[in-house]
Amino acid sequence: MSEEVWRRLLTAAGALFLVLFSLAPFLFMLLVSASGRPDFLTESVPFSVTLEHYARVLAAAELHFPRYLLNSCVVSLAAAAAAVLVASLAAYALTRLPVPSKMALLFGVLALSMFPQVSLVGHLFKMMSALHWINTYQALILPYAAWVLPLSVWIMVSYFLQIPRDLDRAAQVDGCSHLQVLARVLLPVARPGLFAVFLLAFIFCFNEFMFALMLTRDAAARTVPVGIALFEGLHGETPWGTIMAASAVTTVPVVAVTVAFQRHIISGLTRGAVKG
């Protein structure tokens, strides 16, 4: 075979390996969630398909799973929206206004994102306790928004830097204020960046565990990662079937948000800007 054929075969084999490697945990999760015996790979028992685990996750009142899922969606959507709003304003100021020491501010924001969560959660708990916000949505939304803000700011700054300043000047000549320039000119052009920031922020907040564990007490505000971690079966054993079913259902909102926004993310990066 020619060198070109070998190259294509190796490329296809490498892509197939990466796909299988990435999907293997997800496929195993689906198999365990739909199996009557979660130890079917280690014991000489036949594999049997059942939806009992899914029915228990969605219907069992003592698990509170639908409430956990609702809490995660509400908190993650609100935190992602807040992060996009603040990041857009910050990126406009850093790229369009005469702010002193812009690079120092940007690297300072980046440095703040390097603090581990465990070093912050104790202070957050004291602050939320003083505000009487423990076990409420706002106790999670504000820390989540602040947690994803550094990444959001950096992404929005990179998008705004690609937009020609001629658009700003033209809008200001027409009488637009800074906020109108941001809302009517920059944000529509940087729409792929907005959706990318929103998607990443939503996924990060949806999967967060440490803050949700420390700042919630029960199903009133507890999120899915903590709720699944606290699942316990009879006599203290780990209910793997129920855990895997809950994990499979949990992926639905994330996949839905990704599919809904993917078209906007990959559509022309600077489409609608200056042509020619």
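The values are calculated or read from the model by the stated rules, or taken from the named source; none is laboratory data. All values derive from a computational prediction rather than experimental measurement. As a convention, Cβ positions derive from the backbone with ideal geometry for all residues, glycine included, and neighbour counts pool all protein chains shown.
Residue-wise test of (1) at pLDDT below 90; (2) loosely packed, with under 10 Cβ neighbours inside 10 Å; (3) aliphatic (A, V, I, L, M).
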{"site": "Ser44", "(1), (2), (3)": "yes, yes, no"}
{"site": "Ala60", "(1), (2), (3)": "yes, no, yes"}
{"site": "Asn71", "(1), (2), (3)": "no, no, no"}
{"site": "Ala81", "(1), (2), (3)": "no, no, yes"}
{"site": "Gly108", "(1), (2), (3)": "yes, no, no"}
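Mind listing whichever residues of region 46-58 are modelled with pLDDT under 85 and among the aromatic types (Phe, Trp, Tyr)?
Phe47
May I ask you to say which residue of Pro66, Pro116, Pro143 is under 23 Å from Pro225 (Cβ atoms), in contact with a Leu (Cβ under 8 Å, 6 or more places away or on another chain) and surrounded by fewer than 16 Cβ atoms within 10 Å (Cβ to Cβ)?
Step by step, each of Pro66, Pro116, Pro143 is checked, and only Pro66 is under 23 Å from Pro225 (Cβ atoms), in contact with a Leu (Cβ under 8 Å, 6 or more places away or on another chain) and surrounded by fewer than 16 Cβ atoms within 10 Å (Cβ to Cβ).
Given Ala260, Ala212, Ala201, which one is at pLDDT 90 or above and closer than 21 Å to Met156 by Cα?
On inspection, the qualifying residue turns out to be Ala201.
Within region 1-22, how many residues are in a helix (DSSP H, G or I), hydrophobic (A, V, I, L, M, F, W, C) and exposed (fewer than 10 other Cβ atoms within 10 Å of the Cβ)?
2
For region 48-104, name all the residues that are farther than 22 Å from Ala221 by Cα, in a helix (DSSP H, G or I) and of a type in the set (A, V, I, L, M).
Ala55, Val84, Leu85, Val86, Ala87, Leu89, Ala90, Ala91, Ala93, Leu94, Met103, Ala104
Taking helices (runs of 4 or more DSSP H) that fall entirely within region 159-263, which contain at least 1 residues that are surrounded by fewer than 21 Cβ atoms within 10 Å (Cβ to Cβ) and among the polar types (S, T, N, Q)?
165-173, 178-181, 191-207
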